Amino acid sequence: MSLNHTSKKDAPLPTPRGIRRACSKELYRTLKRMKTHIPDPLLRQGEELYYRKVIGNLIWIHENHSNRKLLYQWWEREVSGELSSLWEVEQGKLCHAFHDAFGG
């Protein structure tokens, strides 16, 4: 009996649609924990910002997909500052909410 397992490391890169949906869900969960309303145009801009950052670092993110702590640290360093400025929310509060939602 032969098992054709491919490890997650050998898994193909996610599709742009899948990445966009994941980014959207993560930010939705973050805002839910913050109990903050962000107007739709700003929400879309934030999703686009996050999506572009992920696409720009896709290989590294894919290689480290199982290390949530490392991914959270990347998000805090690379995304949270611009996102908190765009949405005019406190960066620490945003990071805490994302950490709770993402599980890093």
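The values are calculated or read from the model by the stated rules, or taken from the named source; none is laboratory data. Predicted model, so just to flag it, every value in this text is computed and none were measured. In this analysis, Cβ positions are derived from the backbone assuming ideal geometry, glycine residues included, and neighbour counts consider all displayed protein chains.
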Members of the stretch 76-104 that are touching a residue at least 60 places away in the same chain (Cβ under 8 Å) and within 11 Å of the chain's Cα centre (by Cα)
F98, A101, F102
Does R33 qualify as being in a helix (DSSP H, G or I) and exposed (fewer than 15 other Cβ atoms within 10 Å of the Cβ)?
no
Considering only residues that are in a helix (DSSP H, G or I) and over 18 Å from Y72 (Cα atoms), which ones fall in the stretch 85-100?
S85, L86, W87
Does the stretch 33-52 include one or more residues that are more than 14 Å from the chain's Cα centre (by Cα), within 15 Å of F102 (Cα to Cα) and modelled with pLDDT of 95 or more?
yes
Out of everything in the stretch 65-100 that is of a type in the set (A, V, I, L, M) and farther than 20 Å from K35 by Cβ, what residue ends up being surrounded by the fewest Cβ atoms within 10 Å (Cβ to Cβ)?
L70
Please determine whether any residue of the stretch 46-59 is loosely packed, with under 13 Cβ neighbours inside 10 Å, on the phi < 0 side of the Ramachandran plot and of a type in the set (A, V, I, L, M, F, W, C).
yes
Given the conditions (1) surrounded by 15 or more Cβ atoms within 10 Å (Cβ to Cβ); (2) in contact with a helix residue (DSSP H, G or I) (Cβ under 7 Å, 6 or more places away or on another chain), every one holds for L42 apart from (1)
Determine the pairs where a residue that is under 9 Å from R20 (Cβ atoms), located within the stretch 45-56, has a partner that is part of a helix (DSSP H, G or I) and among the hydroxyl-bearing types (S, T, Y) with Cβ atoms under 6 Å apart, the partner being 6 or more residues away or on another chain.
E47/S24
